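Notes for the one structure printed next.
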Amino acid sequence: MSLRTQVIQLYKNLLYMGREYPMGYDYFRDKLKRAFLKNRHETDPQKIREMINRGEYVIKEIEALYMLRKYRTMKRRYYDEETNITAPPPLTKDAAQ
């Protein structure tokens, strides 16, 4: 696959991931567009590959952010504070005797 195709696919994937971004899709899209336009004149294939790898890393980080947000929502929704079971206090010398 050519570098140009990889860059376009990365851009599309990032746009898709930005739909649920906490600061809003418009904010995400504008930042993404500026980042891609800033590097549009890059011609060195090695640097382009590095930027593609960085973009793929960002996708993984965004996925982790979304999973964490969903986990926290589920925890708030179903976790009951009253049934919170805590570990017993650590044993001291006085308690052991």
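The values are calculated or read from the model by the stated rules, or taken from the named source; none is laboratory data. Not measured: the values here are computed from a predicted model. Every residue, glycine as well, gets a Cβ built from its backbone with ideal geometry; the counts of neighbours run over all protein chains shown.
Descriptive notes on the structure:
Okay, residues lined up against (1) in contact (Cβ under 8 Å) with a residue 60 or more places away in the chain; (2) aliphatic (A, V, I, L, M); (3) out of contact with any helix residue (DSSP H, G or I) (no Cβ under 8 Å at 6 or more places or on another chain):
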| position | (1), (2), (3) |
| --- | --- |
| 13 | no, no, no |
| 16 | no, no, yes |
| 21 | no, no, no |
| 26 | no, no, yes |
| 29 | no, no, no |
| 32 | no, yes, no |
| 35 | no, yes, yes |
| 45 | no, no, no |
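- The single condition among (1) over 17 Å from the mean Cα position of the chain (by Cα); (2) modelled with pLDDT under 95 that residue 47 does not satisfy is (2).
- Any hit, region 64-80, residues being modelled with pLDDT of 90 or more, among the β-branched types (Val, Ile, Thr), loosely packed, with under 13 Cβ neighbours inside 10 Å and part of a helix (DSSP H, G or I): no
- Residue 25 vs. criteria surrounded by 11 or more Cβ atoms within 10 Å (Cβ to Cβ) and not basic (Lys, Arg): yes
- Yes/no for residue 49 being surrounded by 15 or more Cβ atoms within 10 Å (Cβ to Cβ), in a helix (DSSP H, G or I) and among the charged types (D, E, K, R): no
- Every test in (1) polar (S, T, N, Q); (2) assigned to a helix (DSSP H, G or I); (3) under 18 Å from residue 6 (Cβ atoms) is passed by residue 43 save one, and that test is (2).
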